[in-house]
Amino acid sequence: MKEKIDFLLNGQITEVSLQDESLTLLSLLRDELKLKATKYGCGLGQCGACKVLVDGKAMNSCQIPIWDLDKKSVVTIEGLQEDKIYLNLKNSFSNANAAQCGFCISGMLVTCYSLLKTQSSQNIEELSEELKENLCRCGVHHKIINALIKVST
Ligand code: FES
Ligand code: FES
């Protein structure tokens, strides 16, 4: 068993010790690396607040053990700050007032970004389905879908 792994985090090679086998990507980001944009919601893979991009796919970071990251690429909201697609998406969220408390928004943006990159969903039904894994207790899903549609058309 390896003692360390390395992976790309927001474009930087990041080395992590595997001393604590129970450490998740979410804990690594928030507690050790102080990257707090990714949120801790349920910790059970059920709310989507902790989504990050792993090899380009939106995934729940609370369910990813760090030993599973070797040689992979992880991008968080902090790593998207100069990305044109992300900035368009963020503006669209803002224009659509697609946030109330804002707690779910980081995970929502990551999922929407991944959808825009893959262009896998075009219509409202498909977009709604894709965003089902991201919960919003403030009920702004419809505004988020509108914001996403505006940048995807
Ligand atoms: S905190 Fe990871 S899915 Fe809820
Ligand atoms: S805006 Fe409050 S949880 Fe979504």
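The values are calculated or read from the model by the stated rules, or taken from the named source; none is laboratory data. A quick note: this is a predicted structure, and the numbers were derived from the prediction, not measured. Please note: Cβ atoms are built from the backbone with ideal geometry, for glycine as well, and neighbour counts cover all protein chains shown.
Which residue, of E130, E21, E125, E82, is modelled with pLDDT under 95, part of a loop (DSSP other than H, G, I, E, B) and over 12 Å from the mean Cα position of the chain (by Cα)?
Details: E130 fails: part of a loop (DSSP other than H, G, I, E, B); E125 fails: part of a loop (DSSP other than H, G, I, E, B); E82 fails: modelled with pLDDT under 95.
Testing whether each residue is modelled with pLDDT under 95, part of a loop (DSSP other than H, G, I, E, B) and over 12 Å from the mean Cα position of the chain (by Cα) leaves just E21.
Here is a list: K143, K117, K36, K132. Which entry is charged (D, E, K, R) and assigned by TED's automatic domain parsing to the domain that holds Q19? Working first, answer last.
Details: K143 fails: assigned by TED's automatic domain parsing to the domain that holds Q19; K117 fails: assigned by TED's automatic domain parsing to the domain that holds Q19; K132 fails: assigned by TED's automatic domain parsing to the domain that holds Q19.
Of the residues listed, the single one that is charged (D, E, K, R) and assigned by TED's automatic domain parsing to the domain that holds Q19 is K36.
Please give the number of the condition D31 fails out of (1) over 18 Å from S114 (Cα atoms); (2) buried (at least 20 other Cβ atoms within 10 Å of the Cβ); (3) out of contact with any strand residue (DSSP E or B) (no Cβ under 7 Å at 6 or more places or on another chain).
Among (1) over 18 Å from S114 (Cα atoms); (2) buried (at least 20 other Cβ atoms within 10 Å of the Cβ); (3) out of contact with any strand residue (DSSP E or B) (no Cβ under 7 Å at 6 or more places or on another chain), the lone unmet condition for D31 is (2).
Say whether the condition of being of a type outside the set (G, A, S) and more than 30 Å from K2 (Cβ to Cβ) is met by at least one residue in the range 71-82.
Residues of the range 71-82 of a type outside the set (G, A, S): 71-72, 74-78, 80-82.
When the remaining residues are screened for being more than 30 Å from K2 (Cβ to Cβ), the result is 81-82.
Checking the range 71-82: at least one residue is of a type outside the set (G, A, S) and more than 30 Å from K2 (Cβ to Cβ).
Of everything in the range 92-102 that's part of a helix (DSSP H, G or I) and touching a residue at least 12 places away in the same chain (Cβ under 8 Å), which residue is farthest from ligand 1 (Cβ to nearest atom)? Give the steps one after another, and end with the answer.
Residues of the range 92-102 that are part of a helix (DSSP H, G or I), as a first pass: 92-95.
Filter once more, so that each one left must be touching a residue at least 12 places away in the same chain (Cβ under 8 Å): 92-93, 95.
Working: S92: 24, F93: 20, N95: 27 Å.
Taking the candidates together, the pick is N95.
Would you check if there is a residue in the range 85-99 being within 9 Å of ligand 2 (Cβ to nearest atom) and touching a Lys or Arg at 6+ places or on another chain (Cβ under 7 Å)? Explain how you work it out, then say what you get.
Narrowing the range 85-99 to residues within 9 Å of ligand 2 (Cβ to nearest atom): 98-99.
Pick out the ones that are also touching a Lys or Arg at 6+ places or on another chain (Cβ under 7 Å) and you get 98.
Within the range 85-99, one or more residues are within 9 Å of ligand 2 (Cβ to nearest atom) and touching a Lys or Arg at 6+ places or on another chain (Cβ under 7 Å).
May I ask you to verify whether C42 is surrounded by 15 or more Cβ atoms within 10 Å (Cβ to Cβ) and near ligand 1 (Cβ under 6 Å from one of its atoms)?
Numbers: surrounded by 15 or more Cβ atoms within 10 Å (Cβ to Cβ): no; near ligand 1 (Cβ under 6 Å from one of its atoms): yes.
In short, no.
Does A58 satisfy the condition of being among the hydrophobic types (A, V, I, L, M, F, W, C), part of a strand (DSSP E or B) and either away from ligand 1 (no atom under 15 Å from the Cβ) or surrounded by 23 or more Cβ atoms within 10 Å (Cβ to Cβ) (or both)?
Numbers: among the hydrophobic types (A, V, I, L, M, F, W, C): yes; part of a strand (DSSP E or B): yes; either away from ligand 1 (no atom under 15 Å from the Cβ) or surrounded by 23 or more Cβ atoms within 10 Å (Cβ to Cβ) (or both): yes.
Answer is yes for this residue.
Has the range 47-56 got at least one residue that is modelled with pLDDT of 95 or more, under 13 Å from C136 (Cβ atoms) and either among the β-branched types (V, I, T) or not assigned by TED's automatic domain parsing to the domain that holds S22 (or both)?
Within the range 47-56, not a single residue is modelled with pLDDT of 95 or more, under 13 Å from C136 (Cβ atoms) and either among the β-branched types (V, I, T) or not assigned by TED's automatic domain parsing to the domain that holds S22 (or both).
Looking only at the range 133-153, filter to residues that are among the β-branched types (V, I, T) and part of a loop (DSSP other than H, G, I, E, B); which one of those is farthest from G102 (Cα to Cα)? Show your work before the answer.
So in the range 133-153, the residues among the β-branched types (V, I, T) come out as 140, 144-145, 149, 151, 153.
If we keep only those that are part of a loop (DSSP other than H, G, I, E, B) as well, we get 140, 153.
Working: V140: 10, T153: 25 Å.
Within the range 133-153, the match that is farthest from G102 (Cα to Cα) is T153.
Taking the range 45-55 as the search range and keeping residues that are touching a residue at least 60 places away in the same chain (Cβ under 8 Å) and on the phi < 0 side of the Ramachandran plot, which one is surrounded by the most Cβ atoms within 10 Å (Cβ to Cβ)?
Going residue by residue through the range 45-55, those that are touching a residue at least 60 places away in the same chain (Cβ under 8 Å) are 46-49, 51, 53.
Okay, now just the ones that are also on the phi < 0 side of the Ramachandran plot, so 46-47, 49, 51, 53.
Numbers: Q46: 13, C47: 22, A49: 25, K51: 30, L53: 22.
My answer is K51.
Residues of the range 24-39 being within 10 Å of ligand 1 (Cβ to nearest atom) and within 11 Å of the chain's Cα centre (by Cα), which ones?
Answer for the range 24-39, where residues must be within 10 Å of ligand 1 (Cβ to nearest atom) and within 11 Å of the chain's Cα centre (by Cα): L26, T38, K39.
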